[in-house]
Amino acid sequence: MNEQIILLDFGSQYTQVIARRIRECNVYSQILRFDTPAAEIARLKPKGIILSGGPSSVYAKDAPLPDKNIFDLGVPVLGICFGVQLFAQFLGGRVEKGLKREYGKGTLTVKDSSCALFHKLPKSLQVWNSHGDKLTKLPHGFKPVAVTENSEYAAIENRARKFFGLQFHPEVVHTPRGSEIISNFVHRICGCGKGWTMRSYLEQAVEEIRAQVGKEHVVLGLSGGVDSSVAAALLHKAIGAQLTCIFVNNGLLRAREAEVVQEVFGRHFKLKLQYENCSKQFLDKLKGVTDPERKRKIIGKTFIDVFQAATQRAGKAKFLAQGTLYPDVIESVPIAGNPAAMIKSHHNVGGLPKNMKFQLVEPLKCLFKDEVRLLGLELGLPKEIVYRQPFPGPGLAVRVLGEVTPARCQILRNADAIVVEEMKAAGLYYKIWQSFAVLLPVRSVGVMGDERTYDYTIAIRAVESQDGMTADWVKLPYDLLEKLASRIINEVKGVNRCVLDITSKPPGTIEWE
Ligand code: XMP
């Protein structure tokens, strides 16, 4: 078993960020619900426990409280924000409503540099606060080690029991040295090594897949996206020819997408790739349909039908592999105001019917997206796949507004290829969340040479985002915009106008539909 830190989730929007920071220290971390029984935690033999922040007040009637026995497991505990107030609640301190809510940047002054959390850190640090309640009496055995303008107990410790508390958030980027504080906790205080790397994970995952699958066969729906691609490469390494990847061309793919997948997986990795060209089937079903929800439904249902038929052609497989990631399986804390709880329900992708009688293999289900990318590189996947931008399951159908016809898909595909090419040439493609073209269903008048034209408009969409939930439009350089517009209008037949989308999310969405 990996050395690990257990992170109890009290509903903070930053819980997953803490888990990622710990893993960036090469230490495995797992997020568990706040009320996980101490005995269950003990079985996992954690090297330390972190209590996350959360939107509640410890004194609220329905406050999420942990099993009190976690404080007797004999392992170091770090409470962050709400987590500190739990110390007060359980170990005899006091928390009161702060006179003013402390929110935003603050300066931390370390009073006791011998506290291991601040090892090798300067006496003055920029930190990020976000709390209303405030510790006003220290719990038994604790002493203050750092203060902010607003709080004399910004960092506290009980050195003998190895309990530590931080009122501020070390996990966010606005606490620039916060990762070092977390590293001090996991390495210096909990004594963790640096065993969690994607290389070691790869070896372990290969063993686990072999143990789970035995001599049976596995099918996997390969979309060409990061997750299914990494899952395919990993499974292939583990079980070779026992894996069949099914790639469905739904006629709604971007330029060269089907070719790249066949090149990389078929010719380079030499894995068993079952290529299903179902373009006609999808496009026939979409004929005459303009309503975005109906388009999605038709594509979703058709995918299930063709995938189901394809798995039967693939032969006798007992397992279905999926590229499920950790954020999809973390049980979010059902607390009012917990944004993490809402994030999960968004764009529930890849749902297959329950009657498909497969057992699941989900070899990425304890990884975060950035870890999946590192694993992909470790497996030898090209950057083009590992760092590709997100692409919606229903493909170009959500970007061809109005009716999806083969001709209109082709116009969009040609325009989109120019956007991708120029964004890459400008060194911007891999730096932002998404950049793509959208085909609008309106035509307008133009002149080209001596001729009057009556053609379509392409909108360019480029956004920055952390997770797709909120997004800002990217201020692309004017010369790049000029080049994009000029190339699209000159090179893509059927387009005579180009516009830039300057809507952020909210209130807009990233895709137009
Ligand atoms: P919206 O348009 O809702 O998109 O702001 C947020 C992010 O989700 C992607 N997206 C999808 N991904 N299936 C997916 O796998 C879908 O149906 C889908 N719709 C949108 C979108 O590209 C953006 O990154």
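The values are calculated or read from the model by the stated rules, or taken from the named source; none is laboratory data. Predicted model, so just to flag it, every value in this text is computed and none were measured. Here the Cβ positions follow ideal geometry from the backbone for every residue, glycine too, while neighbour counts run over all protein chains shown. When the accessible area is computed, the model is the full protein with side chains, heavy atoms only, and any ligands, DNA or RNA have been set aside. Shrake-Rupley method; radii C 1.70, N 1.55, O 1.52, S 1.80 Å.
Do you know which residues across the range 224-252 are under 19 Å from residue 382 (Cβ atoms), assigned to a helix (DSSP H, G or I) and away from the ligand (no atom under 16 Å from the Cβ)? So that I can check it myself, show each step before the final result.
If we filter the range 224-252 for residues that are under 19 Å from residue 382 (Cβ atoms), which is where we start, we get 224-237, 245, 247.
From what's left, assigned to a helix (DSSP H, G or I): 226-237.
Hits for the range 224-252 are 232, 233, 234, 235, 236, 237.
So which residues in the range 255-278 are part of a strand (DSSP E or B) and surrounded by 16 or more Cβ atoms within 10 Å (Cβ to Cβ)?
Pass one, the range 255-278, residues part of a strand (DSSP E or B): 272-277.
Correct list: 272, 273, 274, 275, 276.
Of all residues in the range 194-223, how many are part of a loop (DSSP other than H, G, I, E, B) and under 13 Å from residue 367 (Cα atoms)?
Start the filter on the range 194-223 by keeping residues that are part of a loop (DSSP other than H, G, I, E, B), which leaves 194-197, 214-217, 222-223.
Subset that is under 13 Å from residue 367 (Cα atoms): 196-197.
Count: 2.
Kindly provide the set of residues from the range 299-332 that are of a type in the set (A, V, I, L, M) and under 14 Å from residue 246 (Cα atoms), ordered by number. Let's see the steps before the verdict.
First, pick out the residues of the range 299-332 that are of a type in the set (A, V, I, L, M): 299, 304, 306, 309-310, 314, 317, 320-321, 325, 329-330.
Within the range 299-332, 304, 306, 309, 310, 314, 317, 320, 321 qualify.
Okay, residues lined up against (1) assigned by TED's automatic domain parsing to the domain that holds residue 323; (2) free of Cβ contacts under 8 Å to residues at least 60 places away in the same chain; (3) open to solvent by 20 Å² or more (accessible area, probe 1.4 Å):
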| residue | (1), (2), (3) |
| --- | --- |
| 210 | yes, yes, yes |
| 213 | yes, no, no |
| 222 | yes, yes, no |
| 237 | yes, no, yes |
| 242 | yes, yes, yes |
| 246 | yes, no, no |
| 250 | yes, no, no |
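Looking at 416, 450, can you tell me which residue is within 16 Å of the ligand (Cβ to nearest atom) and not assigned by TED's automatic domain parsing to the domain that holds residue 289?
Selected residue: 416, the only one of 416, 450 that is within 16 Å of the ligand (Cβ to nearest atom) and not assigned by TED's automatic domain parsing to the domain that holds residue 289.
Can you tell me which of 24, 40 is out of contact with any helix residue (DSSP H, G or I) (no Cβ under 9 Å at 6 or more places or on another chain) and charged (D, E, K, R)? Please lay out each step first, then the result.
Numbers: 24 fails: out of contact with any helix residue (DSSP H, G or I) (no Cβ under 9 Å at 6 or more places or on another chain).
So the residue among 24, 40 that is out of contact with any helix residue (DSSP H, G or I) (no Cβ under 9 Å at 6 or more places or on another chain) and charged (D, E, K, R) is 40.
If you check residue 144 against the conditions, is it open to solvent by 10 Å² or more (accessible area, probe 1.4 Å) and touching a strand residue (DSSP E or B) at 6+ places or on another chain (Cβ under 8 Å)? Steps first, answer last, please.
Numbers: open to solvent by 10 Å² or more (accessible area, probe 1.4 Å): yes; touching a strand residue (DSSP E or B) at 6+ places or on another chain (Cβ under 8 Å): yes.
For residue 144, the condition - open to solvent by 10 Å² or more (accessible area, probe 1.4 Å) and touching a strand residue (DSSP E or B) at 6+ places or on another chain (Cβ under 8 Å) - is met.
I need the full set of residues from the range 360-390 which are surrounded by fewer than 19 Cβ atoms within 10 Å (Cβ to Cβ) and within 14 Å of the ligand (Cβ to nearest atom), in order please.
369, 389, 390 - these are the residues of the range 360-390 that are surrounded by fewer than 19 Cβ atoms within 10 Å (Cβ to Cβ) and within 14 Å of the ligand (Cβ to nearest atom).
Among 374, 360, which is touching a Ser or Thr at 6+ places or on another chain (Cβ under 9 Å), modelled with pLDDT of 95 or more, farther than 30 Å from residue 312 by Cα and not in a loop (DSSP other than H, G, I, E, B)? Walk me through how you get there before you give the answer.
Working: 360 fails: farther than 30 Å from residue 312 by Cα.
None of the others qualify; the one that does is 374.
Just give me the residues in the range 122-141 being of a type in the set (Ser, Thr, Tyr) and either buried (at least 22 other Cβ atoms within 10 Å of the Cβ) or touching a helix residue (DSSP H, G or I) at 6+ places or on another chain (Cβ under 9 Å) (or both), in sequence order. So that I can check it myself, show each step before the final result.
Step one: of the range 122-141, the residues of a type in the set (Ser, Thr, Tyr) are 124, 130, 136.
Within the range 122-141, just 136 meets the criteria.
Considering each residue of the range 392-413, count those that are open to solvent by 50 Å² or more (accessible area, probe 1.4 Å) and within 16 Å of the ligand (Cβ to nearest atom), and give that number. Walk me through it before giving the result.
Step one: filter the range 392-413 for residues open to solvent by 50 Å² or more (accessible area, probe 1.4 Å), giving 393, 403, 406-407, 410.
Add one more test, that the residue is within 16 Å of the ligand (Cβ to nearest atom), and what stays is 393.
Looking only at that region, the number is 1.
Any residue at all in the range 170-178 that's out of contact with any strand residue (DSSP E or B) (no Cβ under 6 Å at 6 or more places or on another chain), of a type in the set (Asp, Glu) and open to solvent by 10 Å² or more (accessible area, probe 1.4 Å)?
No; the residues of the range 170-178 include none that is out of contact with any strand residue (DSSP E or B) (no Cβ under 6 Å at 6 or more places or on another chain), of a type in the set (Asp, Glu) and open to solvent by 10 Å² or more (accessible area, probe 1.4 Å).
Give me a count of the residues in the range 469-482 that are more than 16 Å from the ligand (Cβ to nearest atom) and surrounded by 16 or more Cβ atoms within 10 Å (Cβ to Cβ).
3
Report, ordered by the first and then the second residue, all pairs with beta carbons closer than 8 Å, sequence separation of six or more or different chains, a first member in the range 443-468 that is loosely packed, with under 11 Cβ neighbours inside 10 Å, and a second member that is in a strand (DSSP E or B) and hydrophobic (A, V, I, L, M, F, W, C).
Cβ pairs passing all conditions: 452/445; 454/445.
Has the range 98-109 got any residue that is at pLDDT 95 or above and open to solvent by 10 Å² or more (accessible area, probe 1.4 Å)? Walk me through how you get there before you give the answer.
Filtering the range 98-109 down to residues at pLDDT 95 or above leaves 107-109.
Within this subset, residues satisfying the condition of being open to solvent by 10 Å² or more (accessible area, probe 1.4 Å) are 107, 109.
Yes, because at least one residue in the range 98-109 is at pLDDT 95 or above and open to solvent by 10 Å² or more (accessible area, probe 1.4 Å).
Yes or no: residue 492 open to solvent by 60 Å² or more (accessible area, probe 1.4 Å) and either out of contact with any Leu (no Cβ under 8 Å at 6 or more places or on another chain) or free of Cβ contacts under 8 Å to residues at least 60 places away in the same chain (or both)?
Numbers: open to solvent by 60 Å² or more (accessible area, probe 1.4 Å): no; either out of contact with any Leu (no Cβ under 8 Å at 6 or more places or on another chain) or free of Cβ contacts under 8 Å to residues at least 60 places away in the same chain (or both): yes.
Answer is no for this residue.
Give the number of residues within the range 425-436 that are out of contact with any Gly (no Cβ under 8 Å at 6 or more places or on another chain), more than 11 Å from residue 480 (Cα to Cα) and open to solvent by 60 Å² or more (accessible area, probe 1.4 Å).
Final tally of qualifying residues: 2.
Taking the criterion of being touching a Lys or Arg at 6+ places or on another chain (Cβ under 9 Å), assigned by TED's automatic domain parsing to the domain that holds residue 374 and farther than 30 Å from residue 47 by Cα, would at least one residue in the range 292-300 satisfy it?
Here is the first cut: in the range 292-300, the residues touching a Lys or Arg at 6+ places or on another chain (Cβ under 9 Å) are 298-299.
Cutting the leftovers down to assigned by TED's automatic domain parsing to the domain that holds residue 374 gives us 298-299.
Cutting the leftovers down to farther than 30 Å from residue 47 by Cα gives us 298-299.
Yes, the conditions are met somewhere in the range 292-300.
For the range 27-60, name all the residues that are over 19 Å from residue 167 (Cα atoms) and open to solvent by 50 Å² or more (accessible area, probe 1.4 Å). Write out each step before concluding.
To start, the set of residues in the range 27-60 that are over 19 Å from residue 167 (Cα atoms) comprises 27-33, 35-47.
Hits for the range 27-60 are 33, 35, 37, 39, 40, 43, 45, 47.
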